Amino acid sequence: MTAWVFETLVLPKDDAAPMACEDRVLVLPPDFAAVIDGATDLTGQRFEGRTGGALAAEAIVAAFAQAWLRARQGGPDPFATAQGALALADRAIARLYRRLGLTEAAQDPARRMRAAFAVASLRDGVWRGVGVGDCALRFDDRPPILRDHSAEQVLAAWRATMIAADPHRSETDIRAALLGGLARADAPARQAATRILAPGLAERALQAGLAGMRAARPGDPLGFGVADGVGDMGHGFCWQVEARADSATALALWTDGWLAPAGHQVDDWIAAARRVHAEDPRRSRRFPCVKGATPSGRHDDMGLVLINRTG
């Protein structure tokens, strides 16, 4: 008899601050799993003692769980399409805005709570994957499915050039440059940016920085259309895929803190993450990122679900 075994792992960016983790996982065996990545807080604001990314991820977990339990009982199935799942996530965050009195503030993209996600649901003998943003899904050892923003790669390259130019430059100074963009960067940071070939969108990303990308309005190429409770950023970062259950033996879903996808066991992924840190402890060479690693050896929160067929 065929069965599916679910394993999960969530690691905070910093073991000294586990409550700051903004990744969440949801498993409802035998037929549903999701990973949710609350967007990194850029403002320092806290709501009920939590970051906006953590609250958004938790709201989506609750909404997804309720919706799938209803779907099992014959109710609507929002996970048939990526757009349906995104609309459900947006409604969950919108309710959060109303509860916190933030509905008007959320009209400003820079102030929105955001999250990416990946979902796998099994129905009628088919595993269906839907998601938005840079959370990933993989069937067996096939290439993963995800949608990231090329502008973030440009900013990661800028961080790498700043470190190459001055290995002693602090992560605090680097982060300030990345957030504010070239307009607010100091002279060494601007000089480092000249080493990057950045026509078109890449040049705009350098000028805007991470905060400018977060503030991008609907229709702006710098915008990143993930779940944000408003739903006006479009569906350009949605994805969906299917695989017959009898043709798949393993699924993996993960958030973007995992830089080296591994095998079909949790230990494989932990070992791969350790190799990443040993090879590139500052995340500026083979694995360039917009954030540096904490003393825990992680540059970001890390959420993972593995599903393996038995029998």
Quick one: which of L251, L222 is farther than 30 Å from L28 by Cα and not in a helix (DSSP H, G or I)?
L222
Would the stretch 122-141 turn up any residue that is without any contact (Cβ under 8 Å) to a residue 60 or more places away in the chain and either assigned to a helix (DSSP H, G or I) or at positive phi (or both)?
yes
Can you tell me which residues in the stretch 190-213 are crowded, with 21+ Cβ neighbours inside 10 Å, on the phi < 0 side of the Ramachandran plot and touching a Gly at 6+ places or on another chain (Cβ under 9 Å)?
A205, L206, A208, L210, G212, M213
Collect the residues in the stretch 75-116 that are hydroxyl-bearing (S, T, Y) and modelled with pLDDT of 95 or more, keeping them in residue-number order.
T81, Y97
Residue hits (the stretch 196-209; in contact (Cβ under 8 Å) with a residue 24 or more places away in the chain, out of contact with any His (no Cβ under 9 Å at 6 or more places or on another chain) and under 14 Å from S150 (Cβ atoms)) are I196, A198, L201, A202, R204, L206, A208
Yes or no: the stretch 195-217 includes at least one residue that is under 20 Å from L42 (Cβ atoms) and β-branched (V, I, T).
no
D108 among the acidic types (D, E) and touching a residue at least 60 places away in the same chain (Cβ under 8 Å):
yes
Return the pairs, sorted by first residue and then second, in which the second residue is assigned to a strand (DSSP E or B) and at pLDDT 95 or above, the first residue lies in the stretch 1-23 and is farther than 28 Å from G52 by Cβ and β-branched (V, I, T), the beta carbons are less than 9 Å apart, and the residues are 6+ apart or on different chains.
T2/R309; V5/L306; V5/I307; V5/N308; V5/R309
Could you give every pair whose Cβ atoms fall below 6 Å, whose first residue belongs to the stretch 168-195 and is closer than 23 Å to R214 by Cα and of a type in the set (G, A, S), and whose second residue is in a loop (DSSP other than H, G, I, E, B) and at pLDDT 95 or above, counting only separations of at least 6 or pairs across chains?
A177/A185
Looking at the stretch 24-56, which of the residues that are part of a strand (DSSP E or B) and either touching a Leu at 6+ places or on another chain (Cβ under 8 Å) or not assigned by TED's automatic domain parsing to the domain that holds A106 (or both) is modelled with the lowest pLDDT?
F47
Any hit, the stretch 268-286, residues being under 18 Å from the mean Cα position of the chain (by Cα), more than 23 Å from A16 (Cβ to Cβ) and touching a residue at least 24 places away in the same chain (Cβ under 8 Å)
no
For the stretch 293-311, enumerate the residues that are assigned to a strand (DSSP E or B) and modelled with pLDDT of 95 or more.
M302, G303, L304, V305, L306, I307, N308, R309
Of all residues in the stretch 258-292, count the ones that are within 23 Å of R309 (Cβ to Cβ) and part of a loop (DSSP other than H, G, I, E, B).
6
Pick out the one residue from D166, D148 that is touching a helix residue (DSSP H, G or I) at 6+ places or on another chain (Cβ under 7 Å) and acidic (D, E).
D166
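The values are calculated or read from the model by the stated rules, or taken from the named source; none is laboratory data. Here the structure is a predicted model, which is why all the values come from computation and not from measurement. Quick reminder, even Gly has a Cβ in these numbers, built from the backbone with ideal geometry, and neighbours come from all protein chains shown.
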